[in-house]
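K.L.:
I have a structure here, written as structure tokens, and I will follow up with some questions on it.
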Amino acid sequence: MKYSIGFRNSALRKVLPPENRSVYSVAKELGISPVTIQSWLSKLKEGTMDLETDGFEPTPSQRGAAEKLKLLLESKSLHEEDQGEWLRKHGLHTEHLSLWAQELENLVTDKQENLRRENTELKKELKRIKKEQERNQKAMAEALALLTLKKKAEKLFESDEEE
């Protein structure tokens, strides 16, 4: 998965001084693999990557749902006077945030609808299986009764033939 420069740099800033947090705690917080952060750190130390300008910054529409959610939550924690600078830093406009909020809301709603539909289908299937099971149990009981009657009839006719 390709992460934006802003996302990568914010992850690296949390690991590097002055924050000096562990790679694993930052990876867990951001929902990415610790190996990814360690790879970024090694590229940074080798000098093959620049913390500020290396790589391609995706457009707001090219960001993944997880990154959009992270940025939305981060923007909500900012004071209004800091939001403009934060938006410029991430290459965003306020319209992106409202569009992303709507997009994520639709994503969750669609997921809930799919789960409801799947749940309804599973309930129907369960009901059908229970009916089939009851029908099979009745058929087995009937077969057992017939078998028992057949054995009793055979014993009854055997004793009649002996007399």
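The numbers here are math on the coordinates, done by the rules we state, and not lab data. Because the structure is a prediction, the values reported are computed rather than measured. Positions of Cβ are backbone-derived with ideal geometry, glycine not excepted, and every protein chain shown enters the neighbour counts.
K.L.:
According to a simple spin-label model (label point 7 Å from Cα along Cα-to-Cβ), what is the distance in nm between Leu156 and Glu113?
P.N.:
Going by the 7 Å Cα→Cβ label model, 6.5 nm.
K.L.:
Filter Lys43/Lys89; Lys14/Lys68; Lys45/Lys89; Lys130/Lys155 down to the pairs with a C-alpha to C-alpha distance above 27 Å, please.
P.N.:
Table pairs above 27 Å Cα-Cα are Lys130/Lys155.
K.L.:
While we're here: Can you give the Rg and Dmax of the chain based on its C-alpha atoms, in angstrom?
P.N.:
Radius of gyration, then largest Cα-Cα span, for the chain: 33.1, 111 Å.
K.L.:
On to the next question. Could you state the angle between the C-alpha long axis of helix 65-76 and the longest principal axis of the C-alpha atoms of the chain, as a value from 0 to 90 degrees rounded to the nearest 10?
P.N.:
Long axis of 65-76 versus the principal axis of the chain: about 50 degrees.
K.L.:
Related question: Along the Cα→Cβ direction, 7 angstrom out, place labels at Arg135 and Thr36. What is the inter-label distance in nm?
P.N.:
Using points 7 Å along Cα→Cβ, the separation is 5.1 nm.
K.L.:
Taking the simple approach of a point 7 Å from Cα along Cα-to-Cβ for both Asn20 and Glu103, what is their distance in nm?
P.N.:
For the pair Asn20/Glu103, the computed spacing is 3.8 nm.
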